[in-house]
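Enquirer: Can you read through this structure? Questions will come right after.
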Amino acid sequence: MLYPGAKIDYKTTIEKNCAVVCVKGGKLEISNCAIKEGTQIIADANGKIFIKDSFIGRNCVIAAKNMINIKKGCLIAEMVVIRDQDHDFNSVNENRKKDKFITAPICIEEDVWLASKATILKGVTIGAGAVIAASAVVKTNVPAKELWGGLPAKFIKKII
């Protein structure tokens, strides 16, 4: 098997021009999902990605060097970026061959809606039923059933 750490069930649909990659040592589990055209899902070495019963729109990027867990019922619009790593700029060397990263896991709880072009950064947990507005950049935890938006994302209102 090309990606021994990858498990994608028969209920998952993946449209054309997608890249689903599980680097040796990584773990990737996708079940009962719709993944639309142009999306990239990358579990790097030692990275883990779990996606269950969710919709992922066109041209999204989900990249893990640590762990990303997307629980059931999530709606992820087009061009959303979810990355659990940043470059460690203190370790960058001149030839850029040994860049290091600062990583922290991301958890997106059940029934979350990530609107178009939202970005979710390392170490964030988004609570169940939360909504992230279009083009928001989330760098802190979002409680359940709240609407957040902006750059950086901030609380807008409770969702009833």
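Enquirer: Taking H placed 1.01 Å from N in the peptide plane, check which residues at least 5 places from residue 101 or on another chain put their amide H under 5 Å from its amide H.
Expert: Hits under the 5 Å cutoff: 88.
Enquirer: Please give the contour-minus-distance gain from residue 154 to residue 86: 0.36 nm per residue of separation, less the Cα-Cα distance, rounded to one decimal in nm. Mind showing how you got there, number by number?
Expert: Details: separation 68, 0.36 × 68 = 24.48 nm, distance 2.09 nm.
Separation in residues times 0.36 nm, less the Cα-Cα distance, equals 22.4 nm.
Enquirer: Amide H to amide H under 5 Å from residue 20: which residues, 5+ apart in sequence or cross-chain, H placed 1.01 Å off N in plane?
Expert: So residue 20 has HN proximity to 41.
Enquirer: Nearest 5 is fine: what % of DSSP beta bridges in the chain come out antiparallel, could you say?
Expert: Numbers: 7 of 52 bridges.
That works out to approximately 15 percent antiparallel.
Enquirer: In nm, to one decimal, how far is the residue 128 label point from the residue 101 one, both placed 7 Å along Cα→Cβ?
Expert: Going from the residue 128 label point to the residue 101 one covers 3.0 nm.
Enquirer: Continuing with this model, one more query. Under unit Cβ charges (Lys, Arg +1; Asp, Glu -1), what dipole magnitude, rounded to 20 debye, does the chain have relative to its Cα centre? Numbers along the way, then the final one.
Expert: Details: 24 positive and 16 negative charges, 27 e Å.
Using only the charged Cβ atoms, the result is roughly 120 debye.
Enquirer: Measure off 7 Å from each Cα along the Cα-to-Cβ vector at residue 37 and residue 55, then give the distance between these two points in nanometres to one decimal.
Expert: So the label points at residue 37 and residue 55 sit 1.7 nm apart.
Enquirer: Now for a separate question. Let me know the shape class of the chain, please: from the alpha-carbon gyration tensor, a ≥ b ≥ c as square roots of the eigenvalues, rounded when a/c is under 1.5, otherwise prolate if a/b is greater than b/c, or oblate. Don't jump to the answer; show the numbers that get you there.
Expert: Details: a/c = 1.86, a/b = 1.14, b/c = 1.63.
Oblate, because a/c is 1.5 or more while a/b does not exceed b/c.
Enquirer: Any idea what the relative contact order of the chain is, in percent, if you count C-alpha pairs under 8 Å spaced at least 6 apart?
Expert: Values: 511 pairs, mean separation 21.1, N = 160.
Result for the chain is 13 percent.
A short reminder: the numbers here are calculations on the coordinates, not readings from a lab. This structure is a prediction, so every number in the text was calculated from the model and none was measured. Positions of Cβ are backbone-derived with ideal geometry, glycine not excepted, and every protein chain shown enters the neighbour counts.
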